[in-house]
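The values are calculated or read from the model by the stated rules, or taken from the named source; none is laboratory data. Predicted model only: the values in this text are computed from it and were never measured. Methodologically, a virtual Cβ is constructed for each residue, glycine included, from the backbone with ideal geometry; neighbour enumeration extends over all protein chains shown. For accessibility, only protein heavy atoms count, side chains too; no ligands or nucleic acids. Shrake-Rupley method; radii C 1.70, N 1.55, O 1.52, S 1.80 Å.
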Amino acid sequence: MIKFLKTQWYKIVYVAAVIIYLFFLNGLNHKLLRYNFENSFKLIEYDDYIALKFFAFAVIFIFIGAVIICIDIKRLRIGLENMVEIVSTLIFIVVLALMITLIIHFIMVPILQAILTCALLVVGACASASN
């Protein structure tokens, strides 16, 4: 068990950090949905651009989770020593994929919608200004 914790500690820390992040993101989402913002720019500017900060953390967590999954899949393909390592690696792959899915789900409304709307408006304005 000690050997398992020594080799898998970073996955446990990642899952715990994502759970804490999702808890705070859910609170922010509820707060943002309570206010009727005039436009997406107001939502992004709210509380010193906190939506952008949460979005940045989402991108970082998704990237880290994807890297860990890729490493685990590579370890599975190379071959692991015993059945406990194989089962624990498969369980962690499923848990990490679930964490990434939850991050995407929670960041989608309303933060990602506002960021995409603003990005499309800026790109559209730049395209029309260049013509």
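Assorted remarks:
- Spatial separation of Cα centroids for the range 1-27 and the range 61-131, in angstrom: 16 Å
- Straight-distance crosslink candidates among aspartates and glutamates, where the alpha carbon sits under 12 Å from LYS31 and sequence neighbours closer than 8 are dropped: ASP47
- Sparse-neighbour loop sites [GluC sites (Glu not before Pro); the range 25-131; at most 12 other C-beta within 10 Å; DSSP]: GLU38, GLU81
- Relative to the current alpha-carbon distance between GLN113 and PHE4, full extension at 0.36 nm per residue lengthens the span by 35.2 nm.
- Rounded if a/c under 1.5, otherwise prolate or oblate - the chain, Cα gyration tensor axes: prolate
- Loop-located chymotrypsin sites (Phe, Trp or Tyr not before Pro) across the range 1-77 with a Cβ neighbour count of 11 or fewer within 10 Å are TYR35, with loop assigned by DSSP.
- Protein heavy-atom accessible surface, 1.4 Å probe, per residue over the chain: 66 Å².
- Solvent-accessible area, 1.4 Å probe, carbon plus sulfur percent, for the chain: 74 percent
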